[in-house]
Amino acid sequence: MTRKKRRLLLIGSAVAVLGVALGLVLFAMRDTIVFFYGPTELAQKNIQPGARLRIGGLVKEGSVERLASQQVRFAITDSTSDVRVSYAGLLPDLFREGQGVVAEGVLQPDRTFLADKVLAKHDERYMPREVADALKKQGVWQGEETAGAARP
């Protein structure tokens with residue numbers, strides 16, 4: 001075998017090994033990738049029940065229902081569409097109506113969202129970038145242009 005053929009065989013083998021490694025990494029990560037949607041996007045897209053995703057927007061005024069044993073139901077809105085959310089657990093201290101939130105969980109067959117994690121904005125200037133972008137897209141964003149940026 002000539003030197004040139006050995007070099008091509010070595011390069012080809014390295015590319016094949018890297019391709020297999022990349023494929024294995026992507027296969028392993030498929031369950032941890034979570035997509036973000038606003039309520040309007042969620043209503044427009046045909047997302048299958050059982051899909052793990054994040055939804056974000058504002059907690060709709062008058063929608064918070066506190067039930068027994070730390071069960072809470074509320075709606076997330078972007079002023080165009082609403083998504084009903086059910087959550088069992090302690091909510092963040094800053095969770096309240098009219099505030100920005102991101103909920104992570106699973107879409108149910110009845111199109112309600114069963115959240116296992118709820119994140120609330122942490123001060124008067126912060127909103128998760130995905131939520132701010134979705135609200136800007138809907139034309140309801142009233143905050144500063146530095147959304148998602150940390151305070152100095």
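The values are calculated or read from the model by the stated rules, or taken from the named source; none is laboratory data. What you are looking at is a predicted structure, and each value in this text was computed from that prediction instead of being measured. We place every Cβ from the backbone using ideal geometry, glycine too, and count neighbours over all the protein chains shown.
Looking at the range 6-39, which of its residues are under 19 Å from Asp110 (Cβ atoms) and in a helix (DSSP H, G or I)?
Result: Pro39, single match.
Could you go through the range 95-106 and let me know if any residue there is within 14 Å of Glu41 (Cα to Cα), buried (at least 20 other Cβ atoms within 10 Å of the Cβ) and in the same structural domain as Pro39 (by TED's automatic domain parsing).
Within the range 95-106, not a single residue is within 14 Å of Glu41 (Cα to Cα), buried (at least 20 other Cβ atoms within 10 Å of the Cβ) and in the same structural domain as Pro39 (by TED's automatic domain parsing).
Being out of contact with any Ser or Thr (no Cβ under 6 Å at 6 or more places or on another chain) and in contact (Cβ under 8 Å) with a residue 12 or more places away in the chain narrows it down to one residue among Phe27, Phe36; which is it?
Phe36
How many of the residues making up the range 54-90 are without any contact (Cβ under 8 Å) to a residue 40 or more places away in the chain, hydrophobic (A, V, I, L, M, F, W, C) and crowded, with 17+ Cβ neighbours inside 10 Å?
5
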